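Structure, as structure tokens:
The values are calculated or read from the model by the stated rules, or taken from the named source; none is laboratory data. Only a predicted model underlies this, so the values are computations on that prediction, with no experimental measurement involved. In this analysis, Cβ positions are derived from the backbone assuming ideal geometry, glycine residues included, and neighbour counts consider all displayed protein chains.
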Amino acid sequence: MEPRRIFIGDVHGHYLGLTNLLAFIAPEPADEIYFLGDLVDRGPNSSAVVELVKSRGYACLLGNHEDMMLAALSHDSDPSSLLAWSSCGGEETLSSYRSNAQLESHLAWMAELPLYLDLGDVWLVHAGVDPHLPLDVQGHYQFCWVRREFHASQEPYFPEKVIVVGHTITFTLPGIAPGQVAAGAGWIDIDTGAYHRRSGWLTALDWTEQQIYQCHVFSGETRCLPLREIIAPIDMDALGSRR
């Protein structure tokens, strides 16, 4: 059987949900696992999530929450960076660490995470791209933080690639129900809001088999569906009317 390429959305510190999801997927040694960033914050056990991904050698992108964590805990950080991170779940992350040595090891690992990965037919990034800018002038803001400019684009950024992202919870986009995967012009969003009580679903996309695997982090329920049955296009008219 062909090795699978599996993309996992924002985990946000939900270690038990992640281990349940991985057990459900049951990856083979040859399968390739990619995390889209935001391993940390909001959930109860960010340190364990990072340790799992790091120790198993899984590929991972830099998310905006790792970006905030690095800024807040750098040696030359300013108080505003720490305050911003703390207000977005950073306190929960810090409380999950039992040693400074592990924290420093994880920060060093995060500092080396790529902003995007080009896999040929698919392009992975945490947040998206600015459709109005060439790729070579884009950086942390676009790849880790962008939202509306990316979602509102009417044309695919890459004519022959699909962009797979996390970052924006899908049910916050018009036309998308909790737990659904969202689609736009040349992109797919698989952040289904694992930490959010309105959803609770942690999502993995098996790109090879075109399957969606999900684990509900609060109930432990798992499900596997063909991508075509759980993906929905965003309502572009409604998105365009938002301010």
Next on the checklist: Regarding the range 106-118, can at least one residue be identified that is within 15 Å of the chain's Cα centre (by Cα) and either at pLDDT below 95 or β-branched (V, I, T) (or both)?
Outcome noted: no
Next on the checklist: For a quick check of your reading of the model, give me the residue pairs whose first member lies in the range 206-232 and is under 21 Å from E2 (Cα atoms), whose second is of a type in the set (K, R) and assigned to a strand (DSSP E or B), with beta-carbon atoms closer than 6 Å and at least 6 apart or on different chains.
Outcome noted: W207/R5; T208/R5
Checklist entry - Taking into account only those residues within the range 195-205 that are in a loop (DSSP other than H, G, I, E, B) and not polar (S, T, N, Q), which is surrounded by the fewest Cβ atoms within 10 Å (Cβ to Cβ)? => result R197
Item to check | Search result, residues across the range 120-145 that are surrounded by fewer than 20 Cβ atoms within 10 Å (Cβ to Cβ) and not in a helix (DSSP H, G or I) | outcome: G120, D121, V122, D130, P131, H132, L133, P134, Q138, G139
Next on the checklist: Under 7 Å between Cβ atoms, which residue pairs at least 6 apart in sequence (or on different chains) link something in the range 131-150 that is in contact (Cβ under 8 Å) with a residue 40 or more places away in the chain and among the hydrophobic types (A, V, I, L, M, F, W, C) with a partner that is part of a helix (DSSP H, G or I) and surrounded by 17 or more Cβ atoms within 10 Å (Cβ to Cβ)?
Outcome noted: C144/N64; C144/D67; W145/N64
Checklist entry - crowded, with 17+ Cβ neighbours inside 10 Å and farther than 26 Å from R197 by Cα, is that true of A72? => result yes
Checklist entry - If we scan the range 79-98, do we find a residue that is in contact with a Ser or Thr (Cβ under 7 Å, 6 or more places away or on another chain), buried (at least 21 other Cβ atoms within 10 Å of the Cβ) and at positive phi? => result no
Checklist entry - All but one of (1) in contact with a Leu (Cβ under 7 Å, 6 or more places away or on another chain); (2) at pLDDT 95 or above; (3) part of a helix (DSSP H, G or I) hold for F24; which doesn't? => result (1)
Checklist entry - Taking T192 and the conditions (1) farther than 26 Å from P27 by Cα; (2) in contact (Cβ under 8 Å) with a residue 40 or more places away in the chain; (3) touching a Leu at 6+ places or on another chain (Cβ under 8 Å); (4) not charged (D, E, K, R), which numbered condition does it fall short on, given that it satisfies the others? => result (1)
Checklist entry - Exactly one of (1) out of contact with any Leu (no Cβ under 9 Å at 6 or more places or on another chain); (2) closer than 17 Å to L36 by Cβ; (3) in contact (Cβ under 8 Å) with a residue 40 or more places away in the chain is unmet by H106. Its number? => result (2)
